[in-house]
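Have a look at the structure below before the remarks.
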Amino acid sequence: MPDVAAREAELRRRLDEAEDTLRAIREGEVDALVVRGAEQDEIFALGGQDSYRSFMEAMDIGAAALDPDGKLIYANAALCTLLGRNGRDLQQDGLFEALGARAGQALRQLIADAEQNRRSRQMALPCAGGYCHVEVSVAPLSLGFGRGHALTFTDVTERIEAAAAHESDRIGQAILATSNEAVVVCNRDGMITQANAGVRQFSDGIVVGRSFEAVFPFEFALRSGLVTGGDLVGVALAGTAVRGVEATLIRDGTVRELVLSAGPLRQSSETIFGCIVSMADVTDSRSVQKHQTLLVNELTHRVKNTLTLVMSIANRTLQGTTDLGEFRAAFARRLQALALTHDLLSEARWSELTIEELVATELAPYVGVDSARVRLEGLDVTIPAHAAVTLGLILHELVTNAVKYGSLSVDGGSVSILGRHDDGILEVTWQEDGGPLVVPPQKTGFGQTLITRGLGTSGGRPTEVRFRPEGLVCRMYVPTESTPIA
């Protein structure tokens, strides 16, 4: 009958298993037996019912046994303490679930690799105090009724931390030795463990053994989002590199501008054992940058003023001429005079010029300043750049008028340019003699307007022009200090 045959086959199977178990016990292949119970599994060991558990509990390292299906048979107290779990919960949840998805998967792979021989691997496991470094060893285990696995868990956190500290010292020394910037190395507590010589310019006394925040009381720009140096170190220790953070440091009453960078020091992709912070002093470069910005702004201002002046010269020249050819010639001469003054100012880096330099430049195409026809006195006085531009144009008009109509238009004529300095104001007198009879003009042209109005009242008095029959006299009042022209 089928039922009788099935029961007979089942009994024979159980008998064979019992005989295999007895054989395994006799031949020393089995240390203990596991009997499934309703509440928990019971282990019966050779040499006494509790000898297997006693052996595992006597171990200082964590130990566990898994059945052929990977189910936890037993875990000793050392493993429960290491993982921060009690034995009942560990038995109920299972070892793989207790370790989490990542570590559990790594352990499954290690067990798969240990089907024939013992295998070991270092892992970071969730422990009672967070994560710890554990050396996990797996070896095949014959249970008589199947092949399981014996596992040991050795906590090597202290060894890893010691190696990390050594690696930190090695990396820190290498960086400190090669960096031109100020560099410090901090441990996980934010305490400075190393510093190079460049740090001395930003600190007073000993820095090693003190917190980064205490040694460097930085003030950070609002846009950096950081408040103190401790926050900067904290971000780096959390695993994020920070670069180009602007900060200021006041030391001995002097404000220094710095750019800070910080990054984590890793012993592996998972372990951060400290951070490194570099500090670059950019005070001087920022000063140069600000100076360059001022120069660019000043240049822009001067270009706008020059363009306005050119447009004014063009407009007034056009009003005083009767045809395009006359306009072209007059306008070109005035632009050339403006360009000559600008050339002188460029050579002087737009600081100051002497009136003598301006006079010599305008007279040069016609007569040298060492000629007997020219007399210069008291003109070795510097004037600001803005006054030099206007005075250069005025002198051009005076020279052009003298060459075309005045004292320099005949062989016997002469011109005297005399200066008399008084309390920041230079009185400059242009006087012509020996030229043709001077007749006052019937109308006021651009040249006369520029001469009389160009300097305004910057010298405290307006420019005076007298048309003497024996020669033109022009008396100007030029500021010798950097005061704006009215």
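The values are calculated or read from the model by the stated rules, or taken from the named source; none is laboratory data. Since this is a predicted model, take the numbers as computed values, not measurements. Note: ideal-geometry Cβ built from the backbone for every residue, glycine included; neighbour counts use all protein chains shown. All accessible areas refer to the heavy atoms of the entire protein, side chains included, with ligands and DNA or RNA removed. Shrake-Rupley method; radii C 1.70, N 1.55, O 1.52, S 1.80 Å.
Worth pointing out:
- Candidates are the residues of the range 351-385 that are in a strand (DSSP E or B) and open to solvent by less than 30 Å² (accessible area, probe 1.4 Å); the one that is modelled with the highest pLDDT is 374.
- Set 44, 96: member being at pLDDT below 85, more than 45 Å from the chain's Cα centre (by Cα) and either open to solvent by 20 Å² or more (accessible area, probe 1.4 Å) or of a type outside the set (Gly, Ala, Ser) (or both): 44
- Sole exception among (1) open to solvent by 40 Å² or more (accessible area, probe 1.4 Å); (2) in contact with a strand residue (DSSP E or B) (Cβ under 7 Å, 6 or more places away or on another chain); (3) modelled with pLDDT under 85 for residue 133, by number: (1)
- If you go through the range 401-419 and keep only what is in a helix (DSSP H, G or I) and open to solvent by 20 Å² or more (accessible area, probe 1.4 Å), you end up with 401, 403, 404, 408, 409.
One line per residue, one yes/no per condition, for (1) farther than 22 Å from residue 477 by Cα; (2) touching a Leu at 6+ places or on another chain (Cβ under 9 Å):
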{"site": "382", "(1), (2)": "no, yes"}
{"site": "389", "(1), (2)": "no, yes"}
{"site": "410", "(1), (2)": "yes, no"}
{"site": "420", "(1), (2)": "no, yes"}
{"site": "431", "(1), (2)": "no, yes"}
{"site": "435", "(1), (2)": "yes, yes"}
{"site": "439", "(1), (2)": "yes, no"}
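- Inter-residue pairs, beta-carbon under 9 Å, first over 12 Å from residue 276 (Cα atoms) and in the range 188-201, second acidic (Asp, Glu), 6+ apart: 198/181; 198/281; 201/281
- The range 220-270 - residue that is on the phi > 0 side of the Ramachandran plot, modelled with pLDDT under 85 and not in a strand (DSSP E or B) and, of those, most open to solvent (accessible area, probe 1.4 Å): 252
- Pairing each residue of the range 118-142 that is part of a strand (DSSP E or B) with any residue that is open to solvent by 80 Å² or more (accessible area, probe 1.4 Å) and of a type in the set (Ser, Thr, Tyr), provided the two are 6+ apart or on different chains, yields C-beta distances under 7 Å for 124/131; 125/131.
- Residue check, residue 84 open to solvent by 20 Å² or more (accessible area, probe 1.4 Å) and not aliphatic (A, V, I, L, M): yes
- Residue pairs whose Cβ atoms lie under 9 Å apart, separated by 6 or more positions or on different chains, with the first residue in the range 58-83 and on the phi < 0 side of the Ramachandran plot and the second open to solvent by 60 Å² or more (accessible area, probe 1.4 Å) and assigned to a strand (DSSP E or B), are 61/155; 62/155; 68/147; 82/155.
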